[in-house]
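A.B. asks: This structure is in structure tokens; I'll ask about it shortly.
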Amino acid sequence: MVKETEFYERLGVAPDATNEEIKKAYRKMALNLHPDRNPGDKTAEEKFKALGEAYDVLGDEKKRKLYDRYGKKGLEEGGFEQRNARDIFRDLFGAGVFDDDEDASGPRRGDDSVNPLNVTLEDLYNGKTSHIAITRNILCSKCHGNGTKSGKTPQKCKSCNGRGIRVTTRKMGIFQQTEQTYCPDCHGRGEIIEEKDKCPACNGKQVVSDRKILELVVEPGMKDNQRITFAGESDQAPNMEPGDVIFVIRTKEHNRFKRSGNDLVMMHSITLVEALTGFQFSFQHLDKRNIIVKSAPQQVVKPGDVMAIPDMGMPIYGRPFTWGRMLVKFDVIFPLYNEVSSKIDEIRKCLPAPAKTDDTLMTDGDSKTETVTLESYDPNADRQQRQREAYEEDDSDDERHGGPQRVQCAQQ
Ligand SMILES: [Zn+2]
Ligand SMILES: [Zn+2]
């Protein structure tokens, strides 16, 4: 009986390789072939399985002995169950090397289709239903995904034994070189459909393109980055669980309101007189209602004050008839000097007098006292000044001084 060496070939090791060599070879190949690392490659799962199958046997002393003596048949007769390729991988590398949370025994799963969904703040406040057309592959209904006219399941490709890959081993003196290539006969699919038996509807591709209208419901209170999922509506393929079609909410900026959790924030400017004596103003809400806002009686508003209007914020998602707050940030507009210059004395009389200052410090004239005048402050003027100084100091050692010009370039 000729010794079977196929499993050794899959791992690219010699039939007399040590356990260490086998383990090392598997680790290296499994990382490269892992389906999560080759998302576009539809044959990756098959190749990964083939590798796992080989390592499952050769990495186990009992199974390897049986295989060496009687081949694959011996294993089957020995009653050994073939373990799942992902389990084998996980045993060696631990969980979490790849995002490997799928049910180990389940069928392989297609990729999700993730799309941005641009909405306005009005949409998120009021809710919105829209219809979106998607185009995806579905199993051909004429051949039920077989790809054949006769209805038979396609033949397993003989040249690669249905694996989609071909392993070639070359002997170079005492070395063995193993190469894995796509099977050219089945183009890596592992199956062959004869030209005359190809399903006319899908031309043997097993899938056809299909258009579907999805009803997309944005519910009141949904948030930025929230996902709306249509389970299993992505591309279909034989022996594969289709992925989901997912829409991710992206909120456009609003020119009046900013969202902060369930609250809405708006800026409002009032005059100094309003700040001191009370005011009212109106705004249009996101559902086009006109809202009239009145200040609380006997309350002075200072620049930067924030006031809240209960229940005027965003609807709270999943909790009907509950809303966040509307926060109003106040800016107080002060009059210009020439608007009040003729009434300075009256203003002095009717507003509270300033707190008493220490008169001993206010005597100008002795040598320990100096009188200065305030100027308006321009932060940019100060930066220009510092830059000028830096240049004058030394313009050749930019690096030591942090290089003002370079910093400016980096900011642009
Ligand atoms: Zn078909
Ligand atoms: Zn093939």
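A.B. asks: Anything over 24 Å Cα to Cα? Flag those among K24/K63; K49/K196; K28/K158; K128/K258; K63/K152, in the order listed.
C.D. replies: As for pairs spanning more than 24 Å Cα to Cα, those are K49/K196; K28/K158; K63/K152.
A.B. asks: From the P(r) of the range 162-220, can you give the percent of Cα pairs sitting at distances over 14 Å? Provide the component values of the computation, followed by the final result.
C.D. replies: Details: 1243 of 1711 pairs.
Taking all Cα-Cα pairs of the range 162-220, the fraction more than 14 Å apart is 73 percent.
A.B. asks: Also: Only Cα pairs under 8 Å and at least 6 apart count here; give the relative contact order of the chain as a rounded whole percent.
C.D. replies: The value is 13 percent.
A.B. asks: Same structure, new question: Mean separation of Cα pairs under 8 Å and 6+ residues apart, divided by the residue count of the range 298-344: what relative contact order is that in percent?
C.D. replies: Details: 57 pairs, mean separation 17.4, N = 47.
For the range 298-344, the relative contact order is 37 percent.
A.B. asks: Let me ask something additional. Net charge near I134: determine it from the other residues with C-beta under 15 Å of the C-beta of I134, scoring Lys and Arg +1 and Asp and Glu -1.
C.D. replies: With Lys, Arg at +1 and Asp, Glu at -1, the net is -4.
A.B. asks: Would you mind computing Rg(Cα) / (2.2 N^0.38 Å) for the range 116-210, counting N as its residues?
C.D. replies: Scaled against compact globular proteins, the figure is 1.83.
A.B. asks: Loop sites only, by DSSP: take the GluC sites (Glu not before Pro) in the chain that have at most 16 other C-beta atoms within 10 Å and name the longest stretch containing none of them.
C.D. replies: 254-369
A.B. asks: Where in the range 207-222 does the amide nitrogen come within less than 11 Å of the point 7 Å from the Cα of I132, taken along Cα to Cβ?
C.D. replies: 214-218, by backbone N distance to the label point.
A.B. asks: With the chain treated as a Gaussian network of Cα nodes joined by springs under 10 Å, which of P15, P320, P352 yields the largest mean-square fluctuation?
C.D. replies: Maximum fluctuation in the GNM of the chain, among the listed residues, is at P352.
A.B. asks: My understanding is that a pair violates if its Cα-Cα distance is over 27 Å; which of K72/K198; K3/K42; K302/K368; K42/K156; K47/K212 do that in this structure?
C.D. replies: Those over the limit are K72/K198; K3/K42; K302/K368; K47/K212.
A.B. asks: Let's test this: bin the Cα-Cα distances of the chain at 20 Å from zero up to the farthest pair and state each bin's percent.
C.D. replies: 16, 28, 25, 19, 10, 2
A.B. asks: Using the C-alpha gyration tensor of the range 258-338, what are the square roots of 5 times its eigenvalues, in whole angstrom, with the largest one first? Write out the running numbers ahead of the final one.
C.D. replies: Details: eigenvalues 153, 28, 25 Å².
In descending order, the three semi-axes are 28, 12, 11 Å.
A.B. asks: If you add up the charges near T18, with Lys and Arg at +1 and Asp and Glu at -1, over every other residue whose beta carbon is less than 13 angstrom from its beta carbon, what do you get?
C.D. replies: So the environment of T18 carries a net charge of -1.
A.B. asks: Among D305, D263, D378, which one moves the most in a GNM of the chain with springs linking Cα atoms closer than 10 Å?
C.D. replies: Highest fluctuation among the options: D378.
Every number in this text was worked out from the coordinates using simple rules, so none of it is lab data. Fair warning: this is a prediction, and the values are worked out from it, not measured in the lab. All Cβ positions, even for glycine, are placed from backbone atoms using ideal geometry, and neighbour counts span all protein chains on display.
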